[in-house]
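What follows is one structure encoded as structure tokens, with my remarks underneath.
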Amino acid sequence: MTSGIDLQNSFLQSLQGFGLPPGLAKLFWIPLPSILMIIGATVGVLVVVWLERKISAAAQQRIGPEYAGPLGVLQPVADGIKLVFKEDVVPAKADPWLFTLGPVLVVLPVFLSYLIVPFGQNLVITDINVGIFLWIALSSIAPIGLLMSGYASNNKYSLLGGLRAAAQSISYEIPLSLAVLAIVMMSNSLSTIDIVDQQSGYGILGWNIWRQPVGFLIFWIAALAECERLPFDLPEAEEELVAGYQTEYAGMKFALFYLGSYVNLVLSALVFSVLYLGGWDFPIPLENVANWLGVAPTTSWLQVLMAALGITMTVLKSYFLIFIAILLRWTVPRVRIDQLLNLGWKFLLPVALANLLITAALKLTFPMAFGG
Amino acid sequence: MNLAEGVQYISFLILAFLVIGAALGVVLLSNIVYSAFLLGGVFLSISGIYILLNADFVAAAQVLVYVGAVSVLILFAIMLVNKREDFSKIPGRWLRNVSTALVCTGIFALLSTMVLITPWQINETGPFVENTLVTIGKHFFSDYLLPFELASVLLLMAMVGAIILARRDLIPELSEENKTATALTLPERPRELTSASK
């Protein structure tokens, strides 16, 4: 494993060059990656909102936003500013504490999950042993926030929406975890870095999508359901529930829900690309190409190029997935609640279990191809 | 005390305060919904303490199982029942409160003596655990195999029981004479499901 670029060490050394003690330099370093990731996630959301508006317009043969900035790219910013300046309304009979805490509980775990998303060999905030399991665990906190906001709104539509959202995310968490478990079994580790490393070396042919064709479909369906994207957006089905648990929310609290749902979409796409599409890998194994050309892997310009390519590839793959999600939203009708639960419990769960067993059998039979 | 130790100490104080405060809230608040939410807070803070102890997998499992499943289940039960009832004034309520306080103090005293007399010396020269997950797995399939398998049997029993309770058509028809005794029976009778999916 090559060490690659070590941003942390060079940052610390340059600060110590100014005469700072090492402890203080470390203190300056600690918040930097997290702040960078929060900014990155927020900018990612702005891009997704713009894409959603433009692609939905194209699907319906409209033009979409076009006055705010070139091609309307500033429209999400305008939306955000509008939401910031709106009045913060708390309904009269609502429970003010839970009403405020609900959106926060929905948004925080999603942002925390960005800890484990890798953009390169060393471009990750923490490479912890439990990696992908942390994402699953954190995503299970969100239903509590949804229940809380649904209950605190003192509105029957909100309560029903909150209950539906919690039921939905609990039911789809199980096939999601089983699909992830099959991947984890193949890569012998929960760490996201190891999962990508196990797929690298053969370019596009080594990606998990070829070894887990069923698993990736299950994962995508379950991830869409976890994000409450349209084929599964029952918690906020307009015709039935006004807007579900968001009905009573306005201003910044509504913006938190909005932000949370889009950050969750981006996060799911990023995790999908890490698990199934080889993360930061280029479709052609670039290390081998560099070897043939006679460039040493420790050359500095090559490392910078690889890091830049890695970030670009991760972002490109996830935006491709987001594009598919948006297209699905504007072309597929909504399912009913009984169909949703039937699909989750009676179809996806058995198929995911069978997929897990077959993966285990294949791993024992062909340890070469399935990461023995 | 260097930076890392200081951060650890302060985090422990904050987490301990959160656990105790939230647990007191669970017991003392009269609104059951608040108690349920605070129970989730207790579980979350405990998982923070696990993280301080370097038990990363246990912490994540704690969040997944206790916060994501147990708390949500309790909340579901409360919200689906959805019957707000204030405590009615019972004569002699203070007697119950006093007896509860006595029992709780007794348990607290027992646990405190247990904490005080147990030697908490940890062998710090033991090998540094690189991957807690692998270590836990090895223990599960060697010296803790029996408890591990028994736990799965217990879960299976709970699952079968839940399915039996949910499927009312498996309950045999009641005979005519004890149909009036509804104290221990479930209030609903089996009914034809309106199958909307046809």
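The values are calculated or read from the model by the stated rules, or taken from the named source; none is laboratory data. Fair warning: this is a prediction, and the values are worked out from it, not measured in the lab. No Cβ is skipped: glycine too gets one built from the backbone with ideal geometry, and neighbour counts run over all protein chains shown.
General remarks:
- Unique residue being within 9 Å of chain A (Cβ to nearest Cβ) and either under 25 Å from residue A:116 (Cα atoms) or out of contact with any Leu (no Cβ under 6 Å at 6 or more places or on another chain) (or both) when the list is B:67, B:103, B:27: B:67
- Residue count for segment A:27-39, restricted to those that are without any contact (Cβ under 8 Å) to a residue 40 or more places away in the chain and within 18 Å of residue A:124 (Cβ to Cβ): 7
- You will find that of A:324, A:358, the residue that is more than 26 Å from residue A:167 (Cβ to Cβ) and either buried (at least 18 other Cβ atoms within 10 Å of the Cβ) or among the β-branched types (Val, Ile, Thr) (or both) is A:358 and no other.
- Some residue of segment A:247-269 being within 26 Å of residue A:202 (Cβ to Cβ) and of a type in the set (A, V, I, L, M): yes
- Flag for residue B:20 being in a helix (DSSP H, G or I), within 11 Å of chain A (Cβ to nearest Cβ), free of Cβ contacts under 8 Å to residues at least 24 places away in the same chain and of a type in the set (A, V, I, L, M): no
- Verdict on residue A:157 being of a type in the set (Ser, Thr, Tyr), surrounded by 23 or more Cβ atoms within 10 Å (Cβ to Cβ) and either at the interface with chain B (Cβ under 9 Å from one of its Cβ atoms) or farther than 22 Å from residue B:38 by Cα (or both): no
- Of residues in segment A:117-150 being at pLDDT below 85, within 30 Å of residue A:304 (Cβ to Cβ) and within 13 Å of another protein chain (Cβ to nearest Cβ), the one surrounded by the most Cβ atoms within 10 Å (Cβ to Cβ): A:131
- Note on segment A:332-350: among residues that are farther than 19 Å from residue A:165 by Cβ and out of contact with any Leu (no Cβ under 9 Å at 6 or more places or on another chain), the one that is nearest to the other protein chains (Cβ to nearest Cβ) is A:346.
- Residue check, residue A:184 away from chain B (no Cβ under 11 Å), out of contact with any Ser or Thr (no Cβ under 7 Å at 6 or more places or on another chain) and in a helix (DSSP H, G or I): no
- Residues in segment A:10-38 that are in a loop (DSSP other than H, G, I, E, B) and aromatic (Phe, Trp, Tyr): A:18 only.
- When residues of segment A:200-210 are limited to those that are part of a helix (DSSP H, G or I) and surrounded by fewer than 21 Cβ atoms within 10 Å (Cβ to Cβ), the one nearest to the chain's Cα centre (by Cα): A:209
- All of A:169, A:189 fail the test of being within 14 Å of another protein chain (Cβ to nearest Cβ) and part of a loop (DSSP other than H, G, I, E, B), apart from A:189.
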